[in-house]
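The values are calculated or read from the model by the stated rules, or taken from the named source; none is laboratory data. None of the values given here were measured: they were computed from a predicted structure. Heads up, the Cβs are rebuilt from the backbone with ideal geometry, glycines too, and the neighbour counts pull from every protein chain shown.
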Amino acid sequence: MKSRTLIAEADARAGLFQTMRSRFETRVVLGFLTVLGLVWAGLGVAEWLTPGFVAGMDATILRSFRQGPELEHVIGPGAVEHAVLQLTSMGGSSVVTVWVGMLMGFFLLTDRLRYTVRLGFAVIGGAALGYTFKYTVQRLRPEIVPHLMPETSWSFPSGHATITAVIFTTLALMLAQHYRGRLQKIYIMSAAVTMIVLIGWTRLAMGVHYPTDILGGWTLGLSWALVTWMLGYYLDRGWAARFGIAGAPEFSTPPTGDRTAESMNES
């Protein structure tokens, strides 16, 4: 029995990497993580060659989003500043708690318990990692431009950037796996990336985070979302499947032909 278990685990590992290579959505996430890794490497080299480069870059970018004698307003018409305040709330803890809770309730009501488990694990784990890094690094908030709203927690990494990267990437990965068509997958992943970038930008426009805080949040959030996806893969082939929490159809071959949405009806 033990040997069978070891063989099954070996098969699962092989299947995981094969699935990651074959799925457009996971390749997109890996691609963005690769780009972020290269950016961090480039910043490290630049800082080593020119001490103070990163701090200067952070300050320059923050000022570029502002206008006015004291840089007190977001660049553009007043409607832009109003939109920034509204959009940034989508990554706030209160708003996230409400709409993630509603999504988890919907998954429960539609007998998709595995989605409830995965989303809950992603959000709780991502938030815990974000706060752990904040209180470990203890970076102060920027004082380069006036803040559009008060923030008292540590700066690195951005909690908004982290949690939105976790949630939107996790949801996009769960949804995209139901579709074979490249166009549908591109739309889903593009929508997720748009929301992640947009909310990250609002934190810069508000002056409450350095650009490197946002990069840190995206790196942490995307990494954790990918870890959550991999955990879901193993659970669907392990003990969770025995209790009906997970199901193989989630990672089976996508439907062919025009029936791209057929698997969405599976519970």
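Descriptive notes on the structure:
- Some residue of the range 98-105 being on the phi < 0 side of the Ramachandran plot, among the aromatic types (Phe, Trp, Tyr), surrounded by 14 or more Cβ atoms within 10 Å (Cβ to Cβ) and within 23 Å of the chain's Cα centre (by Cα): no
- For the range 121-138, a residue qualifies if it is touching a residue at least 40 places away in the same chain (Cβ under 8 Å) and either hydroxyl-bearing (Ser, Thr, Tyr) or surrounded by 17 or more Cβ atoms within 10 Å (Cβ to Cβ) (or both), and the qualifying residues are Phe121, Ala122, Val123, Gly126, Leu129, Gly130, Phe133.
- Candidate set from the range 57-85 (those that are assigned to a loop (DSSP other than H, G, I, E, B) and modelled with pLDDT under 90); member that is farthest from the chain's Cα centre (by Cα): Pro69
- Across the range 201-212, a minimum of one residue is classified as of a type in the set (A, V, I, L, M, F, W, C) and in contact with a strand residue (DSSP E or B) (Cβ under 6 Å, 6 or more places away or on another chain).
Residues checked against (1) free of Cβ contacts under 8 Å to residues at least 60 places away in the same chain; (2) closer than 22 Å to Trp229 by Cα:
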| site | (1), (2) |
| --- | --- |
| Gly78 | yes, no |
| Ala83 | yes, no |
| Val100 | no, yes |
| Thr110 | no, yes |
| Tyr115 | yes, yes |
| Leu119 | yes, yes |
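- For Gly238, the conditions (1) more than 17 Å from Asp58 (Cα to Cα); (2) modelled with pLDDT of 95 or more; (3) surrounded by fewer than 23 Cβ atoms within 10 Å (Cβ to Cβ); (4) not β-branched (Val, Ile, Thr) are fulfilled apart from (2).
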